[in-house]
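Below: one structure, written as structure tokens.
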Amino acid sequence: MMDADDQTFRSVPWHGISWPTLATGLIALGLLQGSTSAQTVAESRMEPATQLARIIPDTAGTPAPQPVPRFLMPSVRTAQSAASSSESLPPLPPAADDVPPDSAESAARLAERVRQLEATVRSLQLQPPAQNVPVPSAAEPAPAPWSPGESVSSLPSVCESCASDARTDFLCTREDDKKYPSVKVGGFFQVDAAWFSQDEVNRRTVGDMENGVGFRRARLHAAGHVAENVSYLVDIDFGLPAHPGFADVIGTLHEVPLLGNVRVGFWRQPFGIDALTSATNLTFVERSLPFIMVPFRQTGIGFYDHAEDESMTWAASVFHTPTDAWGGGIGEAGGYGFAGRVTWLPMDRASGKRLVHLGAAWSYFDPANDTVRYATPPEVFLFADRPGPFPDEDLSRSLPPQVDTGLIATRQVNLASLEAAGVMGAAHWQAEYMLAGVNRAGGDSVTFHGGSVQAGLVLTGETRKYDRQAGVLARVVPENNFKPGHGAGAWELAGRYSFLDLTEGDIQGGRLQDVTVGLNWYLNGFTKVQFNWIRGSLDNPTTGDSNVNVYVARTQVDF
């Protein structure tokens, strides 16, 4: 019975060589190597290719290689066959069995063969240890041999192997998968306290305005990117009366040729500097009186962009109107609108510390329910409906409006505005005028209008920032955050006058004028305390003139 070594030995192809010839050849190989009979057992078990590497002397620098006897030719071929199992070798020239071994031609062929074998042995010495690998079938080409210079980074990635196979696509790890989707969670809250003082005529005209406290806004948002050129924002407001609702739910595609940025969702339509200023950056606790004419947050699609030097901005959108607090709206007819706005900085000096802003906007909409309604309290929306021309009818008002048109049967509404703003060091100002033309379904068209002008001075010397890509005034950031004994934060004194006229023809909505004085304390870039005194003067066509004083305190924290 054969042992493992016998099986290995007999598995080598010897090409029909007789055992006496093989024995004689092994003796000759030992003589050529100059070895003695003291070879170890480990050496005798070497592969034929390894034995050949040990017995062929280095011929570099020698006049000519020693001729190999003819009877060793089959053994040389055997070594070549064994070496080819791990790498393809150049074929040996055929043995010249019919040529005398001492001829010049035979010597030349043997010399060439020896050189080839030496090159083969040197390449085999660089190979890693042989491993048991499955033999490829005839239908599959054998894989290319490993080379010492090949690294793992040069091998095909998993994504390359599964890019064409959706079944294994989940195994891929693309570079973008490591970054997207990204998410950043934030939010802010504004808690208000309001006190009202009405004269008797005002109380009889609009009703009793009760003091109270509450959260004007309490929002949480998540924002980020799902790809390099696709961003998103989901902002939920928990401060709305009766139930939460959307503030902004937007998906934006960036770097769109000709359009710049395309967004779809529920967001503030591009109209008016006051409306587009973030609620966290307002100089006063509320926007001015004409704001209630703006088709504020609606569901639609639009685009926006700015000039390369950020001296101009432009934006436009189409939207459904009206929409509720969750961005939905249903109507039998109409229900669409358009809005557009452009801004320009004719002066921009001292890195934004001296600038002038000009802008204009226009909007057209055909409400789905064929009605509009303009109503507002004196620049305080605590406990009130969501401001705008489409108040939610299902929400009870605990803060009665000072002016109110009631429901107006409407075909279309055209709304236009002009705006201006500026920054002069620690001072800043802003002005806006709006004109709304209502094409009524059952009567003559009516026109309502309103405007505001405001100014502020940062007493501690900071400059109010300007958002060049949005075309609005931004926030005040104190140079020294409030900390007892170290910094006082930033303090700002501001004043505003605004008016709204909702009386024309048979629409007797009233005229309201507000004068507001505000004091703001910016403890840091994310915390603000505000105090507003609002003097409201109402001109009601039925009851006459009346007045109301409102005192509001707000604390705001955003993160």
With a sphere of radius 12 Å drawn around the Cβ of residue 193, what net charge do the other residues whose Cβ falls strictly inside it have (Lys, Arg +1; Asp, Glu -1)? +1
Using the alpha-carbon centroid of each, what span in Å lies between segment 502-559 and segment 307-353? 25
Please give the net charge around residue 315, taking every other residue with its beta carbon less than 10 angstrom from that of residue 315, where Lys and Arg add +1 and Asp and Glu add -1. +1
For segment 417-522, compute Rg over Rh where Rg is the Cα radius of gyration and Rh is the Kirkwood radius from the inverse mean 1/r over Cα pairs. 1.16
Order these by the 10 Å Cβ neighbour count, fewest first: 429, 195. 195, 429
Average Cα contact separation per residue, segment 213-357, under 8 Å, 6 or more apart, as relative contact order %: 16
Rg and Dmax of segment 181-276 over Cα atoms: what are they, in angstrom? 19.3, 61
Nearest 0.05, what FRET efficiency do residue 407 and residue 517 give at R0 = 30 Å with Cβ-Cβ as r? 0.30
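None of the figures in this text is laboratory data; all of them are computed from the coordinates on show. The shown structure was predicted, so the numbers you read here are calculated from the model rather than taken from an experiment. All Cβ positions, glycine included, derive from the backbone under ideal geometry; neighbour counts span all protein chains shown.
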